[in-house]
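FYI, it's all coordinate maths here, none of it is from the lab. In this text the structure is predicted, and so the values were computed from the model without any measurement. Cβ sites come from the backbone with ideal geometry, for glycine too, and all protein chains shown count toward neighbours.
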Amino acid sequence: MRANQPLVLALPKGRILKEVKPLLDAVGIAPEPAFDDPNARQLRFSTNIDGLSIIRVRSFDVATFVAFGAAHLGVAGNDVLLEFDYAELYSPVDLGIGHCHLAVAAPRDMVDSDDPSQWSHIRVATKYPEITRRHFAARGVQAECIKLNGAMELAPTLGLCRRIVDLVSTGATLRENGLVEVEKIADVTSRFVVNRAALKTRPTEIQPWIDRFREVADAA
């Protein structure tokens, strides 16, 4: 990581990006106009700040870009941080956006007859195999995780498994697919994340951004 290279801020595509935009305005970062074009294929954008650009990537990839130094700063949900647990990631600010939670869900018709205290081995479809294994291992349950990146709610319906672990916001998607929440694993919000090595080598550039994002989050 070169000390003189421009700073790169990694932001997640999709729903969270809409919630991040007011924070960017509040801290004084104005991306180039193409950033607001949903049809733009461009992934890297200049800003009004000399020496700061933005990349727009999948939410799971924000953590990887920042942890490995391809980006210096980022916004990532703590679900992603818990899943990957990168030592090089420092998450000093809870931005208070992207509220949801990670939960175990199962078909409605099996919940009444199912006793979680009797589980010893379960098969689960999830985007979060590491979190899922740790969660169940803590209570002595072996979790066989089937990794899916989407359409999680179809897994019980099509017989792939009986349970899923996924993000839940309103619960509408679960209900529409005949599923109910069985237990909560963790609350989720988005965090401002920093590459630790970059913070050590470029503190005068990076610390002010931590302070600005913290000030804005605290004022919200």
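Among Lys127/Lys200; Lys13/Lys127; Lys21/Lys184, which pairs are too far apart, with a Cα-Cα distance over 26 Å?
Lys127/Lys200; Lys21/Lys184
Determine by what factor the alpha-carbon radius of gyration of the stretch 100-187 differs from 2.2 N^0.38 Å, reporting the quotient.
For the stretch 100-187, the normalised Cα radius of gyration is 0.97.
Using label points projected 7 Å from each Cα along Cα→Cβ, tell me how many nm separate Asp187 and Glu130, to one decimal.
2.4 nm
Subtract the Cα-Cα distance of Met110 and Ala197 from 0.36 nm times their separation in residues, and report this length gain in nm to one decimal.
Numbers: separation 87, 0.36 × 87 = 31.32 nm, distance 4.88 nm.
Fully extending the segment from Met110 to Ala197 adds 26.4 nm.
Between Ser53 and His99, take the C-beta separation as r, use R0 = 30 Å, and let me know the FRET efficiency to the nearest 0.05. Don't skip to the end; give the middle numbers.
Details: r = 28 Å, r/R0 = 0.94.
In this case the efficiency is close to 0.60.
Run lengths n ≥ 4 of DSSP H only: what is the helix-derived mean residue ellipticity at 222 nm for the chain, with -39500 (n - 2.57) per run over all residues, to the nearest 500?
-9000 deg cm²/dmol
With angles folded into 0 to 90 degrees, how steeply does helix 203-219 sit against the dominant principal axis of the chain? Use alpha carbons for both and round to 10.
60 degrees
Using only Cα atoms, locate the centre of the stretch 1-53 and the centre of the stretch 136-157, then give the distance between them in Å, rounded to an integer.
Each part's Cα centre sits 34 Å from the other's.
Just subtract the alpha-carbon distance of Arg123 and Ala151 from 0.36 nm times their residue separation and send over the number in nm, one decimal.
On the way: separation 28, 0.36 × 28 = 10.08 nm, distance 1.64 nm.
Separation in residues times 0.36 nm, less the Cα-Cα distance, equals 8.4 nm.
Check Cys100: other-chain or 5+ apart residues with amide H under 5 Å from its amide H, H built from backbone geometry?
Correct list: Val188.
Take the Cβ-Cβ distance between Leu158 and Asp85 as r, set R0 to 30 Å, and report the resulting FRET efficiency rounded to the nearest 0.05.
My answer for the efficiency is 0.45.
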